[in-house]
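Report on one structure; see the data block that follows.
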Amino acid sequence: MSDGEGRQCIRCGVAEGAALLERCVACGKYFCADCTYRATGRRFCSHECARAFFYGDSDDYESDVDADE
Ligand SMILES: [Zn+2]
Ligand SMILES: [Zn+2]
């Protein structure tokens, strides 16, 4: 597995080079600026990751439907 190549946004699939990708601190995947979910000064790939990061990775309650596809 080669890290550093072939990165793409997990949300919209844009390739690194076509967009600036950032790494999600919760799941470690990459996402682009357009797909960034911001929460309290940090940036995540998704609302679910933001919540997992702040509240722990529990399934106490159902994820909200992310209809942004
Ligand atoms: Zn994206
Ligand atoms: Zn994430």
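Some observations on this one:
- With contacts taken as Cα pairs under 8 Å at a separation of at least 6 residues, the range 1-58 carries a relative contact order of 25 percent.
- The H on the amide N of residue 11, modeled in the peptide plane, is under 5 Å from the matching H of 32, each at least 5 residues off or on a different chain.
Readers should treat all values here as calculations from the given coordinates under stated rules, not as data from a laboratory. All figures in this text were calculated on a predicted structure; none of them were measured in a lab.
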